[in-house]
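So the structure is just underneath, and the comments pick up after that.
The values are calculated or read from the model by the stated rules, or taken from the named source; none is laboratory data. Here the structure is a predicted model, which means the values were calculated and not measured. Backbone-built Cβ (ideal geometry, glycine too); neighbour counts: all protein chains shown.
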Amino acid sequence: MHVLGIETSCDETAAAVVGDDRRILADVVLSQLEEHRPFGGIVPEIAARAHLEHVDRLVAEAMRRAAMSFADLDAIAATGGPGLIGGVMVGVMTAKAIALAAGKPFLAVNHLEGHALTARLTHGIAFPYLLLLASGGHCQLLAVLGVGDYRRLVTTIADAAGEAFDKVAKMIGLGYPGGPAVERAAAAGDPVRFALPRPMRGKPGCDFSFSGLKNAVRLLVESLPQPLSVQDGADVAAGFQAAVAESIADRTRRAVVEARERWPTLSHLVVAGGVAANACLRQTLVEVAAQAGLAFLAPPLGLCTDNAAMIAWAGIERLRLGQQDGLDFAPRPRWPLDPTAAKARGAGVKA
Ligand code: KG4
Ligand code: ZN
């Protein structure tokens, strides 16, 4: 079984062909970083136009690398949401057109389900497991119980972790995207020079929120001599990074305890999303998993960040269960994985 996947929900245009034997035959990703860099963040209209401009070429390139024609495919899957709606529409329309022309099933995949099932593509692990998804758009802890069966244990009530990294980078005069820049600066910094708050630490049953921390960083930066010296910037970056890592670790510890009680066969703590690239956070989570007796698993970075292989794979998982979607599927800007979870409140809530 082979599925073509298309991902266009944020600022990466991507196409991939994946087999049900977990082999990735093609995986092409085009980052729009340079288009958005002058604006210091993602501009939805620019993203949508860039997807439109590049998606056909990327699909053709993926098919060429896989040495396949559309007739050889078993289905076409595209991210159907959540995400920037202009981009999602481009991917969904492309996939529907190919499916219709080739007479193949179409699947609209929840982008978060793509992230959630990646560990089964890369490592073939069994359900249930715990997933921390920390990216520019999302920050949640999910129990992954089966295909289409997720429980959201923790989510963010304001910015996602990656957004907080990007905003703090701006405050200390580093470029976009901010995460990698903050991590590089932090390497030369002293994480304990400035006392920064640990968001939500110790609070029971609470969600992520990085807005208090972000404000504390803003006030701190304003109180320092301007322009900020390299050392001051490095110390702020290191303090912020340590606070985020500790805050996420604290939430994760609590989620592990809750998940263990509800699903005793829980085996792995899996991380995904661009923020999972952060070595300080990773190290903290390795310790959290070890203390809880869970195996720690981080798929290769290219499959942690947005890509189309995860969309093709989620398509395969659903197709194997006999599922497909109609050509009347409407793209969804919001699409929570766990419809039973209480609606998160806050300005930055994405799903
Ligand atoms: O998963 P991703 O590539 O795209 C989506 O948001 O879907 O995540 C990008 C986010 C950005 O906010 C970026 O600043 C952050 O991940 N990021 C990092 C690091 N690398 C990327 N944050 C902290 N440390 C890093 N090394
Ligand atoms: Zn993503």
Among (1) modelled with pLDDT of 95 or more; (2) under 30 Å from Glu163 (Cβ atoms), His36 falls short only on (1)
Screening Ala26, Ala48 for residues that are more than 16 Å from ligand 2 (Cβ to nearest atom), buried (at least 21 other Cβ atoms within 10 Å of the Cβ), at negative phi and small (Gly, Ala, Ser) leaves only Ala26
Filter the range 8-23 for residues that are within 13 Å of ligand 2 (Cβ to nearest atom) and part of a strand (DSSP E or B); the one that is nearest to Ile85 (Cα to Cα) is Glu12
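Check Ala195, Ala237, Ala245 and return the single one that is of a type outside the set (Val, Ile, Thr), surrounded by fewer than 23 Cβ atoms within 10 Å (Cβ to Cβ) and not in a loop (DSSP other than H, G, I, E, B). If you could, list the steps in order and put the result at the bottom.
Numbers: Ala195 fails: not in a loop (DSSP other than H, G, I, E, B); Ala237 fails: surrounded by fewer than 23 Cβ atoms within 10 Å (Cβ to Cβ).
From the options Ala195, Ala237, Ala245, the qualifying one is Ala245.
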In the range 215-233, anything surrounded by 22 or more Cβ atoms within 10 Å (Cβ to Cβ) and either touching a Lys or Arg at 6+ places or on another chain (Cβ under 9 Å) or under 15 Å from Asp159 (Cα atoms) (or both) is listed as Val217
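With respect to Ala169, determine if the residue is among the aliphatic types (A, V, I, L, M), within 8 Å of ligand 1 (Cβ to nearest atom) and either buried (at least 18 other Cβ atoms within 10 Å of the Cβ) or part of a loop (DSSP other than H, G, I, E, B) (or both). Don't jump to the end; show me each part of the working.
Numbers: among the aliphatic types (A, V, I, L, M): yes; within 8 Å of ligand 1 (Cβ to nearest atom): yes; either buried (at least 18 other Cβ atoms within 10 Å of the Cβ) or part of a loop (DSSP other than H, G, I, E, B) (or both): yes.
Yes, satisfied.
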Of the residues in the range 269-324 that are in contact with a Pro (Cβ under 8 Å, 6 or more places away or on another chain) and more than 16 Å from ligand 2 (Cβ to nearest atom), the one that is farthest from Arg22 (Cα to Cα) is Gln324
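Could you say which residue among Leu285, Leu301 is more than 25 Å from Cys10 (Cα to Cα) and within 19 Å of the chain's Cα centre (by Cα)?
Details: Leu301 fails: more than 25 Å from Cys10 (Cα to Cα).
Checking each option against the conditions leaves just Leu285.
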Checked the range 62-74 for anything among the small types (Gly, Ala, Ser) and more than 24 Å from the chain's Cα centre (by Cα); matches are Ala66, Ala67, Ser69, Ala71
